[in-house]
Amino acid sequence: MNSYNINKGIGRTVEFKGLKAQYLFIFAGGLLGVLVLVMVLYIAGMGSYVCIGIGGGGASLLIWQTFAMNKKYGEHGLMKVAARKRHPKYILSRRRIGRFVRSNLKKETP
């Protein structure tokens, strides 16, 4: 029986067959999604060869893209890309200039 090392120490990220951190969860969730899709299509009455083709193609695409993202972005790179997309490119301020110039002194009432 084969044994696989999943974690190599305390404080290090989970790694399995080269996939690190969130890519491992994307991979597992994607394969589960492809399996459910194939089962639903088969139960709906689609041909078995078509279901196998869709399942094999979807799983191949998922494996290829997951390993490509793992190689391109690295362990924390995918989170950095997502954060960069949420960060505004520039800040607009459409307030009147007088609001920026006025003083903060409060008027005292006698």
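Each label was represented as a point 7 Å from its Cα along the Cα-to-Cβ direction; for L35 and H87 these points are 3.8 nm apart. Computed on the Cα atoms alone, the convex hull of the range 1-65 gives a volume of 108 cubic angstrom per residue.
So how much slack lies between I52 and E15, counting 0.36 nm per residue of separation and subtracting their Cα-Cα distance, in nm?
Additional length available on full extension: 10.4 nm.
Our coupling estimate for the range 44-59, obtained by passing each phi through the Karplus curve with A = 6.51, B = -1.76, C = 1.60 and θ = phi - 60°, is 6, x, 6, x, 5, 5, 5, 4, 5, x, 5, x, x, x, x, 5 Hz, Gly and Pro reported as x.
Read-outs: derived from the displayed coordinates by stated rules, not from any lab. As the structure is a computational prediction, the values presented were derived from the model and not from experiment. Virtual Cβ from ideal backbone geometry, glycine too; neighbours counted across all protein chains shown.
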